[in-house]
Amino acid sequence: MLTESAASPRTAPVVARTPEELAGLRPRLGHVALVPTMGALHIGHRSLIATGREHADSVVASIFVNPLQFGPNEDYGRYPRDFDADFAVCAEEGVDVVYAPSVEVMYPGEQIVTVSPGRMGEVLEGASRPGHFAGVLTVVNKLFNMVQPDIALFGQKDAQQLAVIRRMVRDLSMPITVMGGATVRDADGLATSSRNVYLSPDERESALALSRALLSGADASARGPVGIVGAARAVLDEAARATPPVELDYLVLVDPQSFTEVADDYRGDAVLAVAARVGATRLIDNVPLTL
Ligand code: PAF
């Protein structure tokens, strides 16, 4: 909406650094789609932005590496940060506003009040990364308050994050439509992720076992939960003996809304989710299934 008509060249996104700057722009943006990101934008983000453009007058992309969602021994310090490259992606994709606040702007003092994911934040990613989802929900809530979007888009690649955000929006009665974007994969099957840049060529080769395992599980969907998990596990058992090895954190078939493990006789929609470490890099992936 801040851009010119379709006939004229697309104008560069406006950069806002503070909530006040955003508030000044908001009345001109119309129906807004927000794509929250931590930068290091890849084709998955491009696809979310494109979907946002289809469903709203304006797209706001936020770029903020959120310290609250990283554990003390995680990669907050080395997380890739390249504002110019990210801005160029936003410009190419027709983003209207890039919101890139500093940590001081986002967290001006001690963050005493946070948003709790409840029991959904205690399983899988939440169990492996204590406090992670409270950090995600708190920053997403702040972004919602600052941007006032009508729609917010998140990748299905972070399926538990998407489910927890959907639940927050429902349980806290937020007037926002949450949309999930299908996982985008590179040609070799690896799910696109900002963390893929950490992988050496050998590690990347080993990491392909994650998508192979999910594919194997999906192919076995007629065999029910035990058959699905068994087929995927066989691939990961072999990958555990590869060089470098794939060190499995979890492989589980869950209910897509609650993220609790499904029973052996379950029928309906499910998500087969995997997390593993290859070298120093922790990777997650998943595939939605119908049993
Ligand atoms: O998925 C991400 O990049 C982050 O978790 C998010 C949603 C931008 C919150 O910091």
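What the table below lists for this structure:
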item	result
Count of residues meeting criterion [more than 10 Å from the ligand (Cβ to nearest atom) and over 26 Å from V14 (Cβ atoms)] in segment 114-148	19
Condition met for D158 (within 15 Å of the ligand (Cβ to nearest atom), open to solvent by 40 Å² or more (accessible area, probe 1.4 Å) and touching a strand residue (DSSP E or B) at 6+ places or on another chain (Cβ under 9 Å))	yes
Residue match in segment 53-66 (condition: surrounded by 15 or more Cβ atoms within 10 Å (Cβ to Cβ), farther than 30 Å from I112 by Cβ, in contact with a strand residue (DSSP E or B) (Cβ under 6 Å, 6 or more places away or on another chain) and of a type in the set (D, E))	no
Checklist (1) under 20 Å from V184 (Cα atoms); (2) touching a residue at least 40 places away in the same chain (Cβ under 8 Å); (3) out of contact with any Cys (no Cβ under 9 Å at 6 or more places or on another chain); (4) away from the ligand (no atom under 12 Å from the Cβ) applied to H42, failing item	(4)
For G189: the one exception among (1) in contact (Cβ under 8 Å) with a residue 12 or more places away in the chain; (2) not in a loop (DSSP other than H, G, I, E, B)	(2)
Any pair with Cβ under 8 angstrom, 6 or more apart, that starts in segment 53-80 at a residue that is more than 30 Å from H31 (Cα to Cα) and touching a residue at least 60 places away in the same chain (Cβ under 8 Å) and ends at one that is assigned to a loop (DSSP other than H, G, I, E, B) and of a type in the set (A, V, I, L, M, F, W, C)	Y79/M38; Y79/A40; Y79/V65; Y79/F70; P80/A40
Yes/no for T177 being among the polar types (S, T, N, Q), open to solvent by 40 Å² or more (accessible area, probe 1.4 Å) and within 21 Å of A134 (Cα to Cα)	yes
Tally of residues being touching a helix residue (DSSP H, G or I) at 6+ places or on another chain (Cβ under 8 Å) and either within 14 Å of the ligand (Cβ to nearest atom) or of a type in the set (D, E, K, R) (or both) across segment 45-74	15
Residue among G180, G189 that alone is within 30 Å of R78 (Cβ to Cβ), touching a Leu at 6+ places or on another chain (Cβ under 7 Å) and within 16 Å of the ligand (Cβ to nearest atom)	G180
Positions within segment 128-183 being on the phi > 0 side of the Ramachandran plot and free of Cβ contacts under 8 Å to residues at least 40 places away in the same chain, in sequence order	S173
Candidates V115, V105, V169, filtered to the one that is farther than 18 Å from T260 by Cα, open to solvent by less than 30 Å² (accessible area, probe 1.4 Å) and part of a helix (DSSP H, G or I)	V169
Residue list for segment 181-225, restricted to those being under 16 Å from the mean Cα position of the chain (by Cα), open to solvent by less than 40 Å² (accessible area, probe 1.4 Å) and either of a type in the set (D, E, K, R) or under 12 Å from L283 (Cβ atoms) (or both)	L190, A191, T192, S193, S194, N196
Conditions (1) over 23 Å from the mean Cα position of the chain (by Cα); (2) on the phi < 0 side of the Ramachandran plot; (3) of a type outside the set (A, V, I, L, M); (4) not in a helix (DSSP H, G or I); number of the one not met by P36	(1)
Scope segment 48-102; condition acidic (D, E), part of a loop (DSSP other than H, G, I, E, B) and over 28 Å from R129 (Cα atoms); matching residues	D57, D96
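Yes/no per residue for (1) assigned to a strand (DSSP E or B); (2) within 16 Å of the ligand (Cβ to nearest atom); (3) under 30 Å from V65 (Cα atoms); (4) out of contact with any helix residue (DSSP H, G or I) (no Cβ under 7 Å at 6 or more places or on another chain):
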{"site": "R195", "(1), (2), (3), (4)": "no, yes, yes, yes"}
{"site": "D202", "(1), (2), (3), (4)": "no, no, yes, yes"}
{"site": "G230", "(1), (2), (3), (4)": "no, no, no, yes"}
{"site": "E238", "(1), (2), (3), (4)": "no, no, no, yes"}
{"site": "E247", "(1), (2), (3), (4)": "yes, no, yes, yes"}
{"site": "L251", "(1), (2), (3), (4)": "yes, no, yes, no"}
{"site": "F259", "(1), (2), (3), (4)": "no, yes, yes, no"}
{"site": "R277", "(1), (2), (3), (4)": "yes, no, yes, yes"}
{"site": "N286", "(1), (2), (3), (4)": "yes, yes, yes, no"}
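The values are calculated or read from the model by the stated rules, or taken from the named source; none is laboratory data. Predicted, not measured: the structure shown is a model, and the values here were computed from it. Counting neighbours? That spans all protein chains shown, and the Cβs are built from the backbone with ideal geometry, glycine included. Surface areas here come from the heavy atoms of the whole protein model, side chains and all, with no ligands, DNA or RNA. Shrake-Rupley method; radii C 1.70, N 1.55, O 1.52, S 1.80 Å.
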